[in-house]
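The values are calculated or read from the model by the stated rules, or taken from the named source; none is laboratory data. Given the structure is predicted, the values throughout are model-derived calculations rather than measurements. Reconstructed Cβ throughout: ideal geometry from the backbone, glycine too, with neighbour counts over all protein chains shown. The protein model used for the area step is the full one, side chains on, heavy atoms only, and it has no ligands, DNA or RNA in it. Shrake-Rupley method; radii C 1.70, N 1.55, O 1.52, S 1.80 Å.
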Amino acid sequence: MLIVIPKVLSGEPLQQAQALLREAPWGDGRATAGDQSAQVKNNRQLPQDHEVTAALRQIVLEGLSRSLIFFSAALPRRIFPPLFNHYGGRSNAFGNHIDSAVRTITFGEAMGQQVRTDLSGTLFLNDPDDYDGGELTIEGMHGEPRIKLPAGDLVLYSATSVHRVEPVTRGERLASFFWLQSMVRDDGRRQLLHDMDMNLMTLRRQHGDAESVVALTGTYHNLLRMWAEV
Ligand code: NI
């Protein structure tokens, strides 16, 4: 699964996030890396339990909760609280790695909760013209996508993919990243449900509550009921 969701943040919330990032107390990105990742990870991150991180996290979570497309694509059950990273200067890249399969939340209200990382998300927080490089490259997917998005746009991709962040050679790249456990673990089933849901939205716009649209909506929910773990 690889889905780009435009404008998860825009306008006021995006500006608030960018203002908070200007005062952010960046630390070593290896704080949340596993053994393999730590060897290839060279970036900076906000401390997980800092008040600036908490304020930013709130903005990102509110953006996600407003997005119908995010909900449809991810069918989230648990979201690992979003974190924030900075690439630039001497800390400017993250080589090939795979995200850990299960993460334990070590701070805040959900402390101790475990999240199976079905999907990884990167929400870009500054303008792509501000920096050179910094593409998120995902291996093993058709065309090996290199992703660099406008501020406020989100990419969701299967956490099973080997990926990297290319070196930032000019300026700085700011982003939020997170993982989530989906109600539907299987990537193919989740993609099928999302495709069906998006087409149902179009059908509903075109035909209102026609009998066949209601019936198909029922089929969507029955498939979700069959596959969801809650
Ligand atoms: Ni990663």
Discussion item. Report every pair of residues separated by at least 6 positions or lying on different chains whose Cβ atoms are under 8 Å apart, first residue within segment 219-230 and over 14 Å from Phe71 (Cα atoms), second among the acidic types (Asp, Glu) and part of a helix (DSSP H, G or I).
Written reply: Tyr220/Asp197
Worksheet item: Could you give every pair whose Cβ atoms fall below 6 Å, whose first residue belongs to segment 133-154 and is within 15 Å of Leu119 (Cα to Cα) and open to solvent by less than 20 Å² (accessible area, probe 1.4 Å), and whose second residue is among the β-branched types (Val, Ile, Thr) and in a strand (DSSP E or B), counting only separations of at least 6 or pairs across chains?
Response: Leu136/Thr122; Leu136/Ile147; Leu136/Val165; Leu154/Ile5
Worksheet entry | Filter pass, His221 being modelled with pLDDT under 95 and open to solvent by 30 Å² or more (accessible area, probe 1.4 Å) | no
Discussion item. Consider segment 183-201. How many of its residues are open to solvent by less than 50 Å² (accessible area, probe 1.4 Å) and either touching a helix residue (DSSP H, G or I) at 6+ places or on another chain (Cβ under 7 Å) or β-branched (Val, Ile, Thr) (or both)?
Written reply: 6
Discussion item. Need pairs with beta-carbon distance below 6 Å; first residue under 13 Å from Glu135 (Cβ atoms) and within segment 92-109, second more than 16 Å from the ligand (Cβ to nearest atom); sequence gap 6+ or separate chains.
Written reply: none
Worksheet entry | Selected residue (criterion: surrounded by the fewest Cβ atoms within 10 Å (Cβ to Cβ)) from residues of segment 10-53 that are within 16 Å of the ligand (Cβ to nearest atom) and among the β-branched types (Val, Ile, Thr) | Val40
Fill in: Members of segment 54-84 that are closer than 18 Å to Ala151 by Cα and either outside the structural domain of Gln113 (by TED's automatic domain parsing) or open to solvent by less than 10 Å² (accessible area, probe 1.4 Å) (or both)
Leu56, Val60, Gly63, Leu64, Phe70, Pro82, Leu83, Phe84
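Which of the strands (runs of 3 or more DSSP E) contained wholly in segment 91-145 include at least 2 residues that are touching a helix residue (DSSP H, G or I) at 6+ places or on another chain (Cβ under 7 Å)? Spell out how you get there, then give the answer.
On the way: elements: 93-97, 102-104, 114-116, 119-124, 136-138.
Fully inside segment 91-145 and qualifying: 93-97, 119-124.
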Response to the item:
Log entry, pairs with first residue in segment 30-53 being free of Cβ contacts under 8 Å to residues at least 40 places away in the same chain, second being open to solvent by 80 Å² or more (accessible area, probe 1.4 Å), beta carbons closer than 8 Å, six or more apart or on different chains, reads Ala38/Arg30; Pro47/Ala31; Val52/Glu23
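Looking at this structure, is Asp99 of a type outside the set (Ser, Thr, Tyr) and surrounded by fewer than 16 Cβ atoms within 10 Å (Cβ to Cβ)?
Details: of a type outside the set (Ser, Thr, Tyr): yes; surrounded by fewer than 16 Cβ atoms within 10 Å (Cβ to Cβ): no.
The answer is no for Asp99.
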